[in-house]
Amino acid sequence: WGVEHESDARKAYTELMTAHHKKLQVRQCGFIVNTSFPELGASPDGLTVCGCCGNGCLEIKCPFKYRMDSIKKALHAQDNNFCLESAEKGICLKKEHPYYTQVQTQIFVTNSKHCDFIVWTKKDIVVRIFPDADFWKPCLKKAQEFFHKVCLPEIVGKYFSQCSSVENDP
């Protein structure tokens, strides 16, 4: 459901946002590596740019569970696994949900000013997410440590795969 309807969601987003943003451009992209931190990368569902908001990224979710419902109905279902919640300022992405980390990573990697997070059901919803430096700082540190302690030794010297193959030899 999600992959099948991602293009529908992107099209609906583009139509909705074009009316409110100067010279909006939405384009698909692949894996992006951060030029300042080449050990970090992300795959947003799109990149956006407009005259009023600058550069942004796009993340699309098409939840099968709520495919026939409105977001309002999904929020009232009291589903702890649902990614959105009602807040004073409207609907927002839950900070404790894994999608929050995904979106903050995409914002950082793409050097975006925001991410438009789309939850596509029968009714579209766009939640604009801004960079959260307090959240991101420890994430960056953990990602860098993981890369330098695990990924790099494996890439350079097959540290982990050679160790496990030596241990398994009779």
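Taken about its Cα centre, the stretch 1-81 carries a charge dipole of about 300 debye when Lys and Arg each add +1 at the Cβ and Asp and Glu each add -1 at the Cβ.
Database remark: amide H of residue 26 closer than 5 angstrom to no amide H (H placed geometrically; neighbours at sequence offset of 5 or more, or on other chains; Pro and chain starts carry no H).
Here the chain yields Rg over Rh of 1.06, to two decimals, using C-alpha coordinates and the Kirkwood radius. Beta-bridge orientation, the stretch 2-131: approximately 75 percent antiparallel, per DSSP, counting only bridges with both partners inside.
With the cut-off at under 14 Å, measuring from each backbone N in the stretch 56-90 to a point 7 Å along the Cα-to-Cβ line of residue 4 picks out 62-68. For the stretch 129-135, the Karplus equation 6.51 cos²θ - 1.76 cosθ + 1.60, evaluated at θ = phi - 60°, returns couplings of 10, 9, x, 10, 4, 5, 6 Hz by residue, with Gly and Pro reported as x.
How high is the FRET efficiency from residue 123 to residue 162, r the C-beta distance, R0 45 Å, rounded to 0.05? Numbers along the way, then the final one.
Values: r = 53 Å, r/R0 = 1.18.
It comes out at approximately 0.25.
Near residue 62, once Lys and Arg are set to +1 and Asp and Glu to -1 for all other residues with Cβ below 15 Å from its Cβ, the sum equals -1. For the stretch 46-52, 3J(HN,Hα) computed residue by residue from phi via the Karplus equation (6.51, -1.76, 1.60; θ = phi - 60°) reads x, 10, 10, 8, 8, x, 9 Hz, glycine and proline entered as x. Per-residue Karplus couplings for the stretch 74-87, computed as 6.51 cos²θ - 1.76 cosθ + 1.60 with θ equal to phi - 60°, are listed in order as 4, 5, 6, 6, 6, 8, 5, 8, 5, 7, 9, 8, 7, 9 Hz, Gly and Pro entered as x.
Longest stretch of the chain clear of exposed loop sites (chymotrypsin sites (Phe, Trp or Tyr not before Pro), DSSP loop, at most 13 other Cβ atoms within 10 Å, sites excluded): 32-170.
Helix 2-18 and the longest principal axis of the Cα set of the chain meet at an angle near 50°.
Comparing 102, 144, 78 in a Gaussian network model of the chain (Cα springs below 10 Å), the most mobile by mean-square fluctuation is 78. By the count of other C-beta atoms within 10 Å, a proxy for reagent exposure, 75, 58 are ordered fewest to most as 75, 58.
FYI, it's all coordinate maths here, none of it is from the lab. This one's a predicted model, so the numbers in the text were calculated from it and none came from an experiment. Cβ sites come from the backbone with ideal geometry, for glycine too, and all protein chains shown count toward neighbours.
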